[in-house]
Amino acid sequence: MKLSDASLRQIEAAHPGRSTWLAANAGSGKTRVLTDRVARLLLDGVMPQNILCLTYTKAAASEMQNRLFKRLGRWTMLDDVTLLEELAALGVERDLGPDDIDRARTLFARAVEAPGGLKIQTIHSFCAAILRRFPLEAGVNPQFVEIDERAQNLLLDEVVEAIADGQ
Ligand SMILES: Nc1ncnc2c1ncn2[C@@H]1O[C@H](COP(=O)(O)OP(=O)(O)OP(=O)(O)O)[C@@H](O)[C@H]1O
Ligand SMILES: [Mg+2]
């Protein structure tokens, strides 16, 4: 299969064994590279619960999750030849065989059933989860809640009023 230069660069960037810093224009395929990378890690046998993907926005987290599950879902239904083509297009370097086909078909179920799930979440929710697990170490109240924008503005108004009242 002849791949374009852009696709070859994507494959290189999605190599799960390398540490990569990726910057590219809007709509040029960054999310695609990240999901390819996760798919390749899973194909290499990494347990889904050992993978952590952090995004900045909730929209980006659900976009990644949707794309990954869509792809893994499709793999459960493809015939052998088409599935092998898809796996090869990901850039997997070793020779692909029947074991890879079997594994690819079970990834969807494994990712869904993984204890704790495959973690694709925002950096905010990841940090909140750590603070909830280790409140003593972090010196925070275990019952803390994250402040939202509305509560933040109300609190700010209260503080300003308190200052204006000379308190
Ligand atoms: N190598 C490729 N071959 C075919 N389609 C691709 C390829 N790479 C990306 N695409 C498609 O191009 C579109 C944009 O890709 P993607 O969403 O990954 O870009 P992005 O850089 O994350 O965009 P944004 O900056 O909006 O987050 C998607 O529909 C994706 O499926
Ligand atoms: Mg994107």
Per-region count, region 1-15, residues assigned to a loop (DSSP other than H, G, I, E, B) and open to solvent by 40 Å² or more (accessible area, probe 1.4 Å): 4
Qualifying residue in region 17-33 (condition: within 12 Å of ligand 2 (Cβ to nearest atom), touching a strand residue (DSSP E or B) at 6+ places or on another chain (Cβ under 7 Å) and closer than 23 Å to Ala111 by Cα): no
So Thr82, is it more than 16 Å from ligand 2 (Cβ to nearest atom), in a helix (DSSP H, G or I) and either under 20 Å from Asp102 (Cα atoms) or β-branched (Val, Ile, Thr) (or both): yes
Filter result for Phe134 (within 27 Å of the chain's Cα centre (by Cα) and modelled with pLDDT of 95 or more): yes
Helices (runs of 4 or more DSSP H) fully within region 97-167 counting 3 or more residues that are open to solvent by less than 80 Å² (accessible area, probe 1.4 Å): 98-113, 123-133, 149-164
Subset of region 58-69 (residues that are more than 15 Å from Leu107 (Cβ to Cβ) and near ligand 1 (Cβ under 10 Å from one of its atoms)): Ala59, Ala60, Glu63, Met64
From the options Arg18, Arg37, residue that is among the basic types (Lys, Arg) and either within 11 Å of ligand 1 (Cβ to nearest atom) or surrounded by 12 or more Cβ atoms within 10 Å (Cβ to Cβ) (or both): Arg37
Subset of region 70-86 [surrounded by 17 or more Cβ atoms within 10 Å (Cβ to Cβ) and over 12 Å from Arg110 (Cβ atoms)]: Arg71, Leu83, Leu84
Members of region 46-68 found to be loosely packed, with under 13 Cβ neighbours inside 10 Å and either within 13 Å of ligand 2 (Cβ to nearest atom) or part of a strand (DSSP E or B) (or both), listed by number: Leu52, Tyr56, Thr57, Ala59, Asn66
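The values are calculated or read from the model by the stated rules, or taken from the named source; none is laboratory data. The structure displayed is predicted, hence computed values, not measured ones. In this analysis, Cβ positions are derived from the backbone assuming ideal geometry, glycine residues included, and neighbour counts consider all displayed protein chains. Accessible surface areas use protein heavy atoms only, side chains included; no ligands, DNA or RNA. Shrake-Rupley method; radii C 1.70, N 1.55, O 1.52, S 1.80 Å.
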